[in-house]
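Q: Please read through the structure below; I'll follow up with questions.
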Amino acid sequence: VFGPTPSDDPVISRILLGYAEELSEDSGNEAVAVIAHGATNADANAEELQILKKHVGVIRAGGKFTAVRGFTLQDDAPTAIRNANIARIRGWVQAAMDRDERVIVVTTLPSRGSVHEQIHEDLDGLEYVMSNQGLVEHPLFADWIESVIASSR
């Protein structure tokens, strides 16, 4: 059975909010960066950024963080595009640090691994905490799978 992609499902927003809340110490003084892999194609990447806006809205409303923003890495795009995305993320994190906000990073990556490690390298020298758990590692993801299977019967 092939199911739909979970990328824009509300359960993903709840998972991301949960990961941010697990790392949170004082949401009124914290900023959350939501980082996604991102598509190589500009149009597909724009679609992913729109999906991230939905997740950002849920995190902003549910977590009461001072700032929440979504970013894509575009890991498989030409180096110049990826580097520009990293510069954007670094600039946003630095701006939050300049406002004395604690920065939390969560990702839409399915599982922990080399991309998480690369993000740590990309953000080297900045102060932040990052969830190293992937979406599939959260208990709600299993609930999502069960609901997709149940709806396909």
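Q: Could you list which residues have their amide H under 5 Å from that of Lys64, counting only those 5 or more apart in sequence or on another chain, with H placed in the peptide plane?
A: Residues meeting the criterion, in which the H sits 1.01 Å from N, do not exist here.
Q: Kindly report, to the nearest 10 Å², the accessible surface of Asp43 as traced by a 1.4 Å probe over protein heavy atoms only.
A: It works out to around 110 Å².
Q: Arrange the peptides 17-25, 101-109, 144-152 so that the one whose residues have, on average, the most other Cβ atoms within 10 Å appears first.
A: 101-109, 17-25, 144-152
Q: Round to a whole angstrom and tell me the spacing of the C-alpha centers of the range 86-153 and the range 1-63.
A: 8 Å
Q: Per DSSP helix of 4 or more residues, -39500 (n - 2.57); summed, then divided by the residues of the chain. What does that give at 222 nm, rounded to the nearest 500?
A: -17000 deg cm²/dmol
The values are calculated or read from the model by the stated rules, or taken from the named source; none is laboratory data. Given the structure is predicted, the values throughout are model-derived calculations rather than measurements. Here Cβ is always computed from backbone atoms with ideal geometry, including for glycine, and neighbour counts include all displayed protein chains. With ligands, DNA and RNA removed, areas are computed over all heavy atoms of the protein, side chains included. Shrake-Rupley method; radii C 1.70, N 1.55, O 1.52, S 1.80 Å.
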